[in-house]
Amino acid sequence: MKVVLQNLTKVFPSRNKKSNEEVVAVSDFNFEIPDGKLIGLLGPSGCGKSTTLYMISGLQKPTSGKIFFGDDDVTELSTENRGIGLVFQNYALYPHMTVKQNILFPLQNLKGADRPSKEEMLERAYHAAKLVQIDELMDRKPSELSGGQQQRVAIARALVKMPRVLLLDEPLSNLDARLRLQTREEIRRIQKETGITTVFVTHDQEEAMSISDIIVVMKLGVVQQIGAPQEVYDSPQNLFVAKFLGTPPINVFNGSVKGGKVYIGEDAVLEVTNVPDQEVMIGIRPEGFNLDAEGPLKCKLANVEVMGRDVSIVSTHEASANPDIRSIINADNKVDTSSEIVRYSIKPHKLFLFNKETEERIYFEVK
Ligand code: ADP
Ligand code: MG
């Protein structure tokens, strides 16, 4: 099921009685979610992810704009009639019911012609339980399950109605690191097996990047960039997106372009064409540095952290916007730790220029 968000906007009235300042939680969101894809809705806390999801689910009414499922305008439709499955961060299972009863619950609530026969309900409940691999646990109570198992029950309960769209709001946040990894792979597998169009909300960029077909990066209610995870990582449209994606994060420098050369402090690190002289912000990915005794970027060596396959070199530079610079270098390259200086040349496609005021990307060609 394709899902279309059209000029979707949500404004909340002020919570503070003294001021009339409204909160624009979501501003003019336009996106056509292709059928059968998993969309990662990504951004820092408070950027409008949940509000967007609640509008798609019908739990919240947009201030303006429309939502379509396929060609159906569902903007005015109630949550029950949208055919969605919802999973929240806190699993919200009924504690007095068994796993089986929890999964059956949405079906038993169906009325009239929509209500399946008893046999079909059971069959669908077991099918959903199998998908999330909890069919052995059907007679347990939620209190007898681990957090990961409880979240699987919540997902089975969302799947049992065979939703047109699956909506997940930070579903892994309550799980420990190992389970989080395992469950996110699980969600990806289930999504592929069922082919249900899915919107997955998270503030964790690694989580979003690893399971999404498409990510949507939001900031303060405004969509910043939409694209395949690798595409957005490789070509961020602004400094916010560049900084939000990637671990370790991108290194940011105050720099300038003068006469076709990109300067970090006094160091001319790259020659470019078609960029007028100006002050810029420069972003270099940690993997964008080559150890190079003749390299133009001269940094003060602080520390070398061994990671096995790679080493992480921590250094400083007076033009760096962060306390330190972190580069990731293949461990086959030997770092001279007795030296106070480390010199780099820069991989051009790992360096991005941004306008100093707007922080929008400045595109260039390498000379
Ligand atoms: P996220 O899920 O990305 O953390 P939310 O969508 O929950 O963000 O919130 C977006 C913005 O809208 C925040 O500034 C939040 O405080 C505000 N907001 C969310 N729900 C309400 C509400 N019911 N009333 C007023 N403001 C709200
Ligand atoms: Mg939220």
Please give the net charge around R326, taking every other residue with its beta carbon less than 12 angstrom from that of R326, where Lys and Arg add +1 and Asp and Glu add -1.
-3
At 0.36 nm per residue, and after removing the present C-alpha to C-alpha distance, how many nm does the segment from A228 to T75 gain when stretched out fully?
52.4 nm
Place +1 on the Cβ of every Lys and Arg and -1 on the Cβ of every Asp and Glu in the chain, take the dipole about the Cα centre, and give the residue among I313, A302, N20 whose Cα lies farthest towards its positive end.
N20
In sequence order, calculated HN-Hα J values of the stretch 266-274 (Karplus, 6.51, -1.76, 1.60; Hz; x Gly/Pro)
8, 8, 8, 8, 7, 9, 10, 10, 6
If each residue of separation counts as 0.36 nm, what is the full-extension length gain between R189 and K300 once their alpha-carbon separation is subtracted?
35.4 nm
Could you list the square roots of 5 times each eigenvalue of the Cα gyration tensor of the stretch 143-282, that is, the equivalent ellipsoid semi-axes, sorted largest first and rounded to whole Å?
41, 16, 11
Assertion target for D71, D169, D292, D213, ordered by fewest C-beta neighbours within 10 angstrom first, is D71, D292, D213, D169
Distance violations [Cα-Cα > 26 Å] among K66/K219; K130/K192; K334/K367; K261/K334
K334/K367; K261/K334
Looking only at lysines whose Cα falls under 18 Å of K111's and that sit 8 or more positions away or on another chain, we get K161
Could you give me D for the stretch 251-366, from Stokes-Einstein at 4 °C and 1.567 mPa s, where the hydrodynamic radius is the Kirkwood radius over C-alpha pairs? Units µm² s⁻¹, please.
90 µm²/s
Built amide H within the under 5 Å cut-off of L351, gap 5+
none
Using modelled amide H (1.01 Å from N, peptide plane; none on Pro or chain starts), what sits under 5 Å from the amide H of V280, excluding residues fewer than 5 places away?
G255, S256, V257
Counting sequence-distant residues (5 or more places) and residues on other chains, those with an amide H built under 5 Å from that of V272 are K261, V262, K367
Count neighbours as other Cβ atoms within 10 Å of each site's Cβ, and list the GluC sites (Glu not before Pro) in the stretch 1-82 that are DSSP loop with at most 14 such neighbours.
E21, E22, E76
Which residues in the stretch 1-32 place their backbone N less than 18 Å from a point set 7 Å from the Cα of K66 along the Cα-to-Cβ direction?
2-10, 28-32
Estimated [θ] at 222 nm from DSSP helical runs (n ≥ 4, -39500 (n - 2.57)) normalised by residues in the chain, nearest 500:
-6500 deg cm²/dmol
Phi-derived 3J(HN,Hα) across the stretch 156-161 with the Karplus relation (6.51, -1.76, 1.60, θ = phi - 60°), rounded Hz, x for Gly and Pro, is 4, 5, 6, 7, 5, 7
Of all C-alpha pairs within the stretch 3-243, those more than 25 angstrom apart amount in percent to 44 percent
K17 to N330: extension gain in nm, 0.36 nm per residue of separation minus the Cα-Cα distance?
107.0 nm
Whole-Hz couplings from phi, Karplus 6.51/-1.76/1.60, listed for the stretch 288-299; x for Gly and Pro
x, 9, 9, 5, 7, 4, 9, x, x, 8, 9, 10
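We did not get these values from a lab; they are worked out from the coordinates using the rules stated. Quick caveat, the model's predicted, so the values are computed rather than measured. Here the Cβ is made from the backbone with ideal geometry for all residues, glycine too, and neighbour counts use every protein chain on show.
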